[in-house]
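K.L.:
Take this structure first; my questions come after.
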Amino acid sequence: MHTMKHSKLLLINILLFFFISLSSLKFIHSFDFEVGDRAGWKVPPSNDTLIYNKWASKNRFMAGDTINFRYKKDSVMVVSSEEEYKSCNSSHPIFFSNNGRTEFKFERPGTYYFVSGVLGHCDKGQKMIIKVMGHAAESPAGDIAPDYSSATTTNSVPVLLLIQALISLASSSSFMLFLFF
């Protein structure tokens, strides 16, 4: 009987340790963003050629996030430098897609330069710069909170399910036998 009480106390301590450990971890989330929100990826109006950079600046992008481009009879390219971006030079893109629904995942922190590959579209403002941060970076004090209104969560760690599984495992007789040996 005394051993059973000791085992239950040990079990509670183990579960408490796991719960405290899990709650202190920073879980990494990734988000999906729709470029241009409902408007999609198209030649912007002549009076708003910075529309995509405005959209990008109101969002916070992290490594692991994904951006989705929706478009018709167009393309998306990633060019390697600010010079290529400014000059709309897309002769050697790092990435190219023209399927109408392009998904691009940010694998690493850094600056990404997107342009339309259709002749003349980039010159009319269909281009965008996105700065991607790593997960270890902390926001400086006074920084504006990110706007995730156009984002959806794609990968999160289900902590409560993990805790529930541990409790179920702990209450099983095989786990109780494990504690005795």
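Every number in this text was worked out from the coordinates using simple rules, so none of it is lab data. Quantities reported herein were computed from a predicted structural model and do not represent experimental measurements.
K.L.:
Can you tell me the Rg and Dmax of region 32-86, counting just the alpha carbons, in angstroms?
P.N.:
My reading of the Cα-based Rg and Dmax gives 11.9, 33 Å.
K.L.:
Over 15 Å apart: what share of the alpha carbon pairs of region 52-118 falls there, rounded to a whole percent?
P.N.:
54 percent
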